[in-house]
Ligand code: ATP
């Protein structure tokens, strides 16, 4: 019986591997056949990053011409500083990060990095200069080591582990029996939204780009996870030009400037304490989030009493 079982088991494994490979190839063709939204201009030059200053000049954008999303934005992220974008859902915050990464071209105005219009440089050089930590990180059906090394293929195992430590995900990985060789995804380790985001942070640490764009996950995180991500981000944002699209105001209290976006326009701007003192939209968002957090904590305490 065992003699029969082993080859059958092996054939089953081969079948599953082939099926997965076919699914991966189908996904790849679906991506490749999509018409690119942006193309390199003839004679586009590589981006020359010096200090890493990002400027939005009267930036306008619409996915659908009938419905403008950004209606003339002006702001600068000075080299090495952190600017946070906050605002109600649908205000256009994530759109700003997509435009900087040039997934779409602006409909009006321009975006400059160290004085160069991002439409005049090659997309490869632009994307090499920006570390993007998206809301939802795509992970490959491979080991966790492979998934982190994606940030820089020539990184050594020691560098991969160092990056994971900075992203505060190293202890979690080591708790798994196969450690860094654990398979991720359907066949292995399942990662939560917060853990995936820390893998993305580890990739960015390896990539070490001059500019960092973080699009915070919308999903509510427990306060321990939030604290860990916060620590990881502070380390990776140090001395980098950072644009943070924030959904939880508690994570951006220390930003050099906070921009409050409302219906595609800048409604308020300033530091956390300036905006609180102004008593406007930011202050009311802050108070609402604090009340929601306190209510959650009270519920958790009641749960502990049971
Ligand atoms: P949230 O806080 O909910 O993430 P946001 O401020 O980041 O919201 P965006 O994701 O920038 O908002 O979206 C702004 C508006 O653009 C929304 O009304 C959204 O429905 C619309 N939108 C976003 N992506 C697309 C798209 N690919 N095509 C058409 N409309 C889109």
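Laboratory data are not the source of any read-out in this text; all were calculated from the coordinates shown. Computed from a predicted model, the values in this text were never measured in an experiment. Please note: Cβ atoms are built from the backbone with ideal geometry, for glycine as well, and neighbour counts cover all protein chains shown.
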* the stretch 64-144: radius of gyration and largest Cα-Cα distance (Dmax), Å -> 14.6, 45
* Once fully extended, how much extra length lies between residue 112 and residue 154, figured as 0.36 nm per residue of separation less the alpha-carbon to alpha-carbon distance? -> 12.1 nm
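Find the relative contact order for the stretch 155-280 and round it to a whole percent, using C-alpha pairs within less than 8 Å whose residues are 6+ positions apart.
Dividing the mean separation by the residue count of the stretch 155-280 yields 21 percent.
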* To do: Within 10 Å of each residue's Cβ, count the other Cβ atoms and sort 95, 124 from fewest upward.
  => 124, 95
* Asked: How do 45, 190, 207, 93 rank when sorted from fewest to most other Cβ atoms within 10 Å of their own Cβ?
  -> 190, 45, 207, 93
* All Cα pairs of the stretch 116-259, percent lying beyond 27 Å -> 20 percent
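Quick check on the exposure proxy: order 282, 150, 104 from fewest to most C-beta atoms within 10 angstrom. Working shown, then result.
Values: 282 23, 150 20, 104 14.
Fewest-to-most ranking of 282, 150, 104: 104, 150, 282.
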